[in-house]
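Structure, as structure tokens:
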Amino acid sequence: MLEQFLKQLEFNLSISKAQISIIATHFREHMEQGLRRSGSSLKMFPSYLQAPNSNEIGTFLALDFGGSNARAAVVELKGDGTFMELHRVSRPLSDPITGRDLRAPSVNAEELFDFLAEIIQKVLDHSPLSPIISSSIPFPLGFTFSFPYHQRRIGEGLLLNWNKEIKTAGVVGKDVGELLCAALARQGLGSVVRPTAIINDTVATFLTAAYQDSSVDIASIIGTGHNTCYLEQKAPGVDGSLIINTESGNFSAVPETLYDQRLDQQSDTPGEQLFEKKLSGKYLGELFRQIILDFSERGFLDFDFLRHWNQPYSISSKDLSLILTAEDNHSRHLFNIPRAELDIFRRVTLLLFKRSARLVAASLIGVILHQDPHLIKPHTVAIDGSLYEGMPGYAQELTAALSEGLASKSSLVTVKLSAGGSLTGAAIAAALEKLM
């Protein structure tokens, strides 16, 4: 009976070659509908930036805020695709010693953005910028803001909603560029630093990778969350190419299981980010937990060792990685898993990771076919994110799915890791804005 149920689970979670093609087609259709603003699950937000040409030169401030830490740095772009980070400051949003947590709903926008301005001040205090910023011209700053937001201009964007456990009050619906400018003014930096470009981490990955490799025309984040951007050659109302942020985590035309439906209904955002909820690091552990508890309720597993698993999101993607990679004795000790159940846990984990990789591959094929319907040109996809980089076998599964879906044309598509580009990407965005 257990084996029969596992076979059914494998069937429900599998994404076949035919399904890859269908999902890719739907993704492409949603892209084109989003570009026409004719109703789509893909928002297709313009970044207001073209691709870099590797020759952007200068020294810029960069700020990165996208989760539990905020970072600022001075980045020198040297041209020819090379750059150097001169100084960096990183600070956590929560401090267990003082009890401060800037992610809490009791904290307001002013407190959060004052914290960001203080980090920028610390970078200025300990960097070689003093001779440069002594002029009357404010120093340009690029801001990587890695949350769903509606960008209305290169330096203006409204936060649509928080995610990643952040619930700070008074920011949703506000222009984060204005909030940062106001905080810099309160810090006494209003005439010293000017935020000029706001981007998200996906666009930052694109810019950093494309600065070093002109063949990059797609970038994707596969980590705690998920998103993809690409270079659009025919953006409405724009002369020339433009980087488009698809907000692919919200893509809706995907097969789903009862576990997916249950997770969505119990989430803080039912009906939203349906694609991300099936494949990203934030949700894979919760999907796994719900599947294992279902096995227990059906009598397939001993419930006693699962009692502490009743808390939602108590299992992370890092836990799943350990289940796959740790020695049997270590895994059993870490999770209190009886030896008989460990193989089941690993089978379920592999099914979830394989589905994740194949769903991402299908969406990337949709982007490629939108850019190049007859697949006659080479394309390079830059990818960042903890799931892609850190999960054993994930990158190989994604590459295999791309090869399967693209068949004889797969050699035209190259996938490369482009890790840690948020600060550099912010600096490149500031450089591009300066040239506009």
Give the angle, between 0 and 90 degrees and rounded to the nearest 10, that separates the Cα long axis of helix 17-35 from the longest principal axis of the Cα atoms of the chain. 30 degrees
Go through the range 57-64 residue by residue and turn each phi into a ³J(HN,Hα) via Karplus (6.51, -1.76, 1.60, θ = phi - 60°); whole Hz please, and just put x for glycine and proline. 10, x, 10, 9, 7, 9, 10, 10
So how much accessible area does residue 226 have, in Å² to the nearest 10, using a 1.4 Å probe? 10 Å²
Ranked order, 98, 25 - accessible area, probe 1.4 Å, largest first: 98, 25
When a/c reaches 1.5 or more, the comparison of a/b and b/c decides; with that in mind, is the range 342-431 rounded, prolate or oblate per its Cα gyration tensor? oblate
With label points set 7 Å from each Cα along the Cα-to-Cβ direction at residue 434 and residue 213, the distance between them in nm comes to 2.7 nm
With every protein chain present, what is the per residue accessible area of the range 349-394 (1.4 Å probe, Å²)? 30 Å²
Could you tell me which of rounded, prolate or oblate describes the range 30-175, using a ≥ b ≥ c as the square roots of the eigenvalues of the alpha-carbon gyration tensor, with rounded for a/c under 1.5 and, failing that, prolate when a/b is larger than b/c and oblate otherwise? oblate
Diffing the range 113-121: the Karplus 3J(HN,Hα) column from phi (6.51, -1.76, 1.60, θ = phi - 60°), in whole Hz with x for Gly and Pro, holds 6, 5, 4, 5, 5, 5, 5, 4, 4
Return the long-range amide H neighbours of residue 44 (sequence gap of 5 or more, or a different chain), with a cut-off of under 5 Å between placed amide H atoms. 247
I'd like the Karplus ³J(HN,Hα) series for the range 93-106: coefficients 6.51, -1.76, 1.60, θ = phi - 60°, whole numbers in Hz, and an x wherever there's a Gly or Pro. 6, 10, 10, x, 6, 8, x, 5, 9, 6, 8, 6, x, 7
Could you work out [θ]222 nm for the chain from helices alone, using -39500 (n - 2.57) per DSSP H run of at least four and dividing by all its residues? Round to the nearest 500 deg cm²/dmol. -13500 deg cm²/dmol
Dimensionless Rg ratio for the chain, taking C-alpha atoms and the 2.2 N^0.38 Å reference: 1.01
Taking all protein chains in place and a 1.4 Å probe, what share, in percent, of the accessible surface of the chain do carbon and sulfur account for? 51 percent
Express the accessible area of the range 32-165 per residue in Å², computed with a 1.4 Å probe while the remaining protein chains stay in the model. 45 Å²
List the lysines whose alpha-carbon lies under 24 Å from that of residue 318, not counting same-chain residues fewer than 8 positions away? 164, 167, 277, 278, 282, 354, 416
From the C-alpha gyration tensor of the range 151-219, square roots of 5λ in Å: 26, 18, 10
To the nearest 10 degrees, the tilt of helix 176-186 (Cα long axis) against the first principal axis of the alpha carbons of the chain is 50 degrees
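The values are calculated or read from the model by the stated rules, or taken from the named source; none is laboratory data. Since we're looking at a predicted model, the values are computed, not measured. Virtual Cβ from ideal backbone geometry, glycine too; neighbours counted across all protein chains shown. In case anyone asks, the SASA skips ligands and DNA or RNA and just uses the protein heavy atoms, side chains included. Shrake-Rupley method; radii C 1.70, N 1.55, O 1.52, S 1.80 Å.
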